Amino acid sequence: MMQRQSAVKVAVIGLGWWGRKMTAVLQKASDHVEIVCAAEPNAEGAAFAAANGFRNYASDRDAMRHPGVEAVILATPHSLHAEQIERAVAAGLHIFCEKPLALTRKGAEAAVTACKSRQLVLGMGHERRWEPPVAAMLDAARSGKLGRLLQVEGNFSHDKFLSLDRRNWRLNADEAPVAGMTATGVHLTDLSAALLGAARDVRVSCENLGSDFPQGDTMSAHIRFRSGGTAYISATLVTPFVSRFAVFGTSGWIDIRDKAHVEAPAGWVVTSATTGSPISTTEVPPAEPVRDNLVAFARAIRGIAPYPIAGEDLVNNISILEAIIASAAKDGAVVPV
């Protein structure tokens, strides 16, 4: 009889909006992941930790020293990731980091290299890859079913930030530059790079059309890839929720539309066609990709299966992000990646 694997003991660093979301989904994944403590300096976060039955510390350093901790989940402002990853690696802890991993290619390479040097699993909050229709789309593309890939189109937008206190770090242009890019657009570039590889150059439009957000609220990017093929993505912060991702190839295409934000999944509508066949539309029932990503992270730690997002993918994506930030700062100039 196979011995049951023990749950990975984790410390959640940051109990804001997304830290609380991950706490909620992990309560349904107790066989794989157990939250044993958290780090959140404000009193509201401490009360949330107490209500959920785990200890809260004022600093990530203290949480990393909690007895039995094997891994950290970083749900913190982007600018803190580098130093927190450095501390976690020094402590020999596996790391699951919310997106984006870094704001520069150099930062992403440092994180990937540090984890690899210590044989630590580096998980990433790109839960879109675990959405069932997205996983099926990636499989279809990689199998050759869609033929030569030509074009990717995506839009991931919402208006959730309109109600935020203007002091929130998500409305800081240095922490979260280029409208919705670091909040949602980075998921679209992750999938684009997963399909088309390393990018060649980008051109960006970023404007402030419906708010006073310092980073702008409406952005679009055109990306060319070294292997051929292009991606067009957009991510706004002032429109009701919409999420669409489509890939087009010489033998077929797939268009995926979310019914609701991944915070509370409601399923997907998938429209597709292949050469010689009519267009078809199917509905995919809800799933919990945030949980499934964290379970994959835990399974990789236990040696059950490799974590499916490679370090190269992480670096390719952040390379695109860095170029997008640069292009926006240069009023839409074409920037090499």
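How large is the charge dipole for the chain, taken about the Cα centre, if only the Cβ atoms of Lys, Arg (+1) and Asp, Glu (-1) carry charge, to the nearest 20 debye?
In total the dipole reaches around 720 debye.
Using 7 Å Cα-to-Cβ label points, what is the Ser143/Thr281 separation (nm, one decimal)?
2.4 nm
Which cross-chain or sequence-distant (5 or more) residues have an amide H under 5 Å from the amide H of Glu131, H modelled 1.01 Å from N in plane?
It is none; the list stays empty.
Please list 3J(HN,Hα) in residue order for the stretch 264-272, calculated via the Karplus relation 6.51 cos²θ - 1.76 cosθ + 1.60 where θ = phi - 60°; whole Hz, with x for glycine and proline.
With the stated coefficients, the stretch 264-272 comes to 9, x, 10, x, 9, 10, 10, 10, 7 Hz.
Quick one: net charge around Gly252, please, counting Lys, Arg +1 and Asp, Glu -1 for every other residue with C-beta under 14 Å from its C-beta. Mind showing how you got there, number by number?
Working: positive: Arg142, Lys145, Arg148; negative: Asp139, Asp255.
Spelling it out: positives minus negatives among the neighbours equals +1.
Before anything else, pin down the relative contact order of the stretch 126-250: Cα pairs under 8 Å, at least 6 apart, normalised by residue count, whole percent.
RCO, the stretch 126-250: 38 percent.
For the stretch 63-187, what relative contact order do you get, as a whole percent, if you take Cα pairs closer than 8 Å and at least 6 residues apart? All intermediate terms of the calculation are to be shown ahead of the outcome.
On the way: 115 pairs, mean separation 27.8, N = 125.
Worked out over the stretch 63-187, it gives 22 percent.
Would the stretch 16-74 count as rounded, prolate or oblate if I go by the C-alpha gyration tensor, calling it rounded below 1.5 in a/c and otherwise prolate when a/b exceeds b/c, oblate otherwise? If you can, show how the numbers build up before the last one.
Working: a/c = 1.70, a/b = 1.12, b/c = 1.52.
It is oblate, given that a/c is not under 1.5 and a/b is not larger than b/c.
Which length gain, in nm to one decimal place, applies between Thr239 and Ser117 when the Cα-Cα distance is subtracted from 0.36 nm times their residue separation?
Value of the extension gain: 39.6 nm.
Round to a whole number: what % of the accessible area of the chain belongs to carbon and sulfur, probe 1.4 Å?
Numbers: 7520 of 14540 Å².
Percent of accessible area from carbon and sulfur atoms in the chain: 52.
Would the stretch 184-337 count as rounded, prolate or oblate if I go by the C-alpha gyration tensor, calling it rounded below 1.5 in a/c and otherwise prolate when a/b exceeds b/c, oblate otherwise?
Taking the square roots of the gyration eigenvalues as a ≥ b ≥ c, the stretch 184-337 is rounded.
FRET efficiency for Leu164 and Ala273, Cβ-Cβ distance as r, R0 = 41 Å, nearest 0.05?
Working: r = 40 Å, r/R0 = 0.98.
The pair Leu164/Ala273 has a calculated efficiency of 0.55.
Give, as a single signed number, the net charge of other residues whose beta carbon lies under 14 Å from the beta carbon of Ala183, with Lys and Arg counted +1 and Asp and Glu -1.
Combined, the nearby Lys, Arg, Asp and Glu give -2.
Could you go through the stretch 200-213 in sequence order and give the Karplus-derived ³J(HN,Hα) for each residue, using 6.51 cos²θ - 1.76 cosθ + 1.60 with θ = phi - 60°, rounded to whole Hz, and x for Gly and Pro?
9, 7, 9, 9, 10, 10, 9, 9, 10, 10, x, 7, 10, 4
Would you mind counting up the charge near Thr281? Only other residues with Cβ under 11 Å from its Cβ, with Lys and Arg at +1 and Asp and Glu at -1.
Computed value for this residue: -1.
Return the long-range amide H neighbours of Asp201 (sequence gap of 5 or more, or a different chain), with a cut-off of under 5 Å between placed amide H atoms.
Under 5 Å from the amide H of Asp201: Arg224, Val337.
What value, in deg cm²/dmol to 500, does the helix sum -39500 (n - 2.57) over DSSP H runs of n ≥ 4 give at 222 nm once divided by the residues of the chain?
-9000 deg cm²/dmol
For Ala38, what residues show an amide H to amide H distance below 5 Å, using hydrogens built from the backbone and excluding near sequence neighbours?
The answer is Val12, Arg55, Asn56, Tyr57.
His261 label point, 7 Å along Cα→Cβ, cut-off 17 Å on backbone N: hits in the stretch 23-46?
Under cut-off, by backbone N: 23-25.
Between the stretch 8-56 and the stretch 227-262, what's the alpha-carbon centroid distance in Å?
32 Å
How would the chain be classified by its alpha-carbon gyration tensor: rounded, prolate or oblate, with rounded meaning a/c under 1.5 and the a/b versus b/c comparison settling the rest?
Prolate is the answer for the chain, as a/c is 1.5 or above and a/b outweighs b/c.
Could you give the accessible area per residue of the chain, probe 1.4 Å, as a whole number in Å²?
Computed with neighbouring chains in place, this is 43 Å² per residue.
With θ taken as phi - 60° and the coefficients 6.51, -1.76 and 1.60, list the Karplus ³J(HN,Hα) couplings across the stretch 162-169 in order, rounded to whole Hz; mark glycine and proline as x.
Karplus values, whole Hz, x for Gly and Pro: 4, 8, 6, 4, 5, 8, 4, 4.
Just want to confirm a number: the relative contact order over the stretch 1-120, from Cα pairs under 8 angstrom separated by 6+ residues, in percent.
Normalised by residue count, the contact order of the stretch 1-120 is 23 percent.
The values are calculated or read from the model by the stated rules, or taken from the named source; none is laboratory data. All values reported here derive from a predicted model rather than from experimental measurement. Please note: Cβ atoms are built from the backbone with ideal geometry, for glycine as well, and neighbour counts cover all protein chains shown. Heavy atoms of the whole protein, side chains included, go into the accessibility calculation; ligands, DNA and RNA do not. Shrake-Rupley method; radii C 1.70, N 1.55, O 1.52, S 1.80 Å.
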